[in-house]
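The values are calculated or read from the model by the stated rules, or taken from the named source; none is laboratory data. Bear in mind the structure is a predicted one, so any value in this text is a computation, not a measurement. As a convention, Cβ positions derive from the backbone with ideal geometry for all residues, glycine included, and neighbour counts pool all protein chains shown.
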Amino acid sequence: MRLIVSAALTIAIFSMPAIAAPRQRSFTLAGQPRADSVAVAPSHRYDGQYGYEPGTTRLFSIATTPGNYRVTVTLGLPDSATRTTIKTESRRLMLDAVAVPAGRSVTRSFIVNVRDPTLVAPPPHAPGGSAVRLKPRERGSYDWDDKLTLEILGQHPGVTSVSVVPITVPTVFLLGDSTVTDQPAEPAASWGQMLPVFFRPDIAIANHAESGETLKSFMTELRFAKVLETAKPGDWALIQFGHNDQKANWPQTYAPADSVYRDLLRLWISEFRRRDVTPVLVTPPDRRQWSGPHIHSTLADYVAAIKAVGAEMHVPVIDLNAASIAFYEALGPKRAPLAFNDDGRDATHHDNYGAWVLARSVAQGISGAKLSLVGNLLPDLPAFDPAHPPAPEAFRLAPSIAHDSTRPDGN
């Protein structure tokens, strides 16, 4: 499907000089360009400053430095109705099927977090490193580069203008494994990349989760160091591990639920608190393992450990494990595979539908826990019960252009 570009596309880019105010750069794709813009053809490929990614007019990238950015888009075309979905970086859902009648236009804003793997180098002779130790699949990905990438989707999208400006807002950091991360390609998806669509444009979601991770590996690969280096007072940290920590056949990262796992959670909580960052523990979604009509939990001891540490250290707990079990059992053994990756052959990782329901459950958990973060959720979100999910057969989300049948690490 080709991106509809019959109207002018204006891209506004802000830089951050040391003294001068941010300078806006504007680009017009069609029609009469404004005085402060430059005419750009759809064939303009990314040139280190702006442009479409090779081979597609669905992915538009803008050179940026690490930080949070407010993106404002104008949607609508003069001669046809449009329905636009926008994802950013590695498929983070920002806008879902925004419909605009022909001849009308609307504006929408959202916050995008941009990062790279660099770290402040430790002093001479001190342990540590100068960069996150990325896995092969992460190198060169949109999540870890020097640009902000928009993916414009839908059968009839109609983006006519985009503005990008750096902004200082609170950040919600997501730390976890493959059930949380930004899965880079269809058909897999995780709840962390669906979560932004449920928030107002006054807070950033920074998803640092990665497939195959444990509490231990997150530290040894310097991912934890990256989050701690970036976090500022007033931020949040949602922490969800367990799927890989329980694997005794991974001896270097195994963390028994009754001892090491709890101690590591306590350490992480303390590190965030001393930086005035609010930690929130999230119990991991369960695997789709049935015992008759009910789910047989493979994570019960880790769920118990999370709840015990949360109670001990007065940390809020979002029980996504219970929500996931209620969700799967509501669908039943025959329909539950519709929420999972690889046409249900993967019993751990989810597809777009399953990831969306879990993300919506996390948003409901934020509300149910009465966190002040509830003020950053969309104001019109109705109450949600994962035991009564939307029908998978009726669920629609515009698919991304990237497809990969490789199972996520940690499967």
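Cβ separations smaller than 7 Å between residues 6+ apart or across chains give the following pairs from the range 100-113 residues that are touching a residue at least 40 places away in the same chain (Cβ under 8 Å) to residues that are of a type outside the set (A, V, I, L, M, F, W, C) and surrounded by fewer than 16 Cβ atoms within 10 Å (Cβ to Cβ): SER109/THR72. Of the set (1) surrounded by fewer than 21 Cβ atoms within 10 Å (Cβ to Cβ); (2) in contact with a Pro (Cβ under 6 Å, 6 or more places away or on another chain); (3) over 20 Å from TRP290 (Cα atoms), all apply to SER361 but (1).
In this structure, THR57 does satisfy being in a loop (DSSP other than H, G, I, E, B), at pLDDT below 95 and either touching a helix residue (DSSP H, G or I) at 6+ places or on another chain (Cβ under 6 Å) or closer than 23 Å to ASP146 by Cβ (or both).
Scanning the range 139-165 for residues that are out of contact with any Ser or Thr (no Cβ under 8 Å at 6 or more places or on another chain) and at pLDDT 95 or above yields TRP144, ASP145. The condition (being touching a strand residue (DSSP E or B) at 6+ places or on another chain (Cβ under 9 Å), surrounded by fewer than 24 Cβ atoms within 10 Å (Cβ to Cβ) and part of a helix (DSSP H, G or I)) is satisfied by just one residue among VAL197, VAL165, VAL169: VAL197.
Would you check if ASP342 is at pLDDT 95 or above, of a type in the set (D, E, K, R) and either exposed (fewer than 15 other Cβ atoms within 10 Å of the Cβ) or at negative phi (or both)? Taking the combined requirement at face value, the residue does not satisfy it.
Of note, ARG23 satisfies the criterion of being out of contact with any Lys or Arg (no Cβ under 6 Å at 6 or more places or on another chain), basic (Lys, Arg) and modelled with pLDDT under 90.
Does ALA248 satisfy the criteria of being under 24 Å from PRO408 (Cβ atoms), without any contact (Cβ under 8 Å) to a residue 12 or more places away in the chain and either surrounded by fewer than 14 Cβ atoms within 10 Å (Cβ to Cβ) or small (Gly, Ala, Ser) (or both)? Spelling it out, ALA248 is indeed under 24 Å from PRO408 (Cβ atoms), without any contact (Cβ under 8 Å) to a residue 12 or more places away in the chain and either surrounded by fewer than 14 Cβ atoms within 10 Å (Cβ to Cβ) or small (Gly, Ala, Ser) (or both). Here is the figure for the range 70-90: residues that are at pLDDT 95 or above and not aliphatic (A, V, I, L, M) total 8.
Applying the selection to the range 124-162, what residues are assigned to a strand (DSSP E or B), among the small types (Gly, Ala, Ser) and closer than 30 Å to ALA99 by Cβ? Spell out the reasoning first.
Step one: filter the range 124-162 for residues assigned to a strand (DSSP E or B), giving 131, 147-156, 159-162.
Narrowing the set further to residues that are among the small types (Gly, Ala, Ser) leaves 131, 154, 161.
Residues satisfying the conditions are GLY154, SER161.
Looking across the range 91-104 at every residue that is in contact with an Asp or Glu (Cβ under 8 Å, 6 or more places away or on another chain) and modelled with pLDDT of 95 or more, the one that is surrounded by the fewest Cβ atoms within 10 Å (Cβ to Cβ) is identified as ALA102.
Could you list, in sequence order, all residues of the range 126-151 that are hydroxyl-bearing (Ser, Thr, Tyr) and in contact (Cβ under 8 Å) with a residue 40 or more places away in the chain? Selection gives SER141, TYR142, THR149. Residue-level analysis places SER217 outside the set of residues that are polar (S, T, N, Q) and assigned to a strand (DSSP E or B).
Looking at the range 273-292, is at least one residue part of a helix (DSSP H, G or I) and over 25 Å from SER90 (Cα atoms)?
Taking the range 273-292 as the starting set, the residues that turn out to be part of a helix (DSSP H, G or I) are 273.
Keeping just the survivors that are over 25 Å from SER90 (Cα atoms) gives 273.
Yes; the residues of the range 273-292 include at least one that is part of a helix (DSSP H, G or I) and over 25 Å from SER90 (Cα atoms).
Every residue, every condition in (1) among the hydroxyl-bearing types (Ser, Thr, Tyr); (2) free of Cβ contacts under 8 Å to residues at least 40 places away in the same chain; (3) surrounded by 20 or more Cβ atoms within 10 Å (Cβ to Cβ), yes or no:
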site: PHE272; (1), (2), (3): no, no, yes
site: VAL282; (1), (2), (3): no, no, yes
site: PRO285; (1), (2), (3): no, no, yes
site: HIS294; (1), (2), (3): no, yes, no
site: GLY310; (1), (2), (3): no, yes, yes
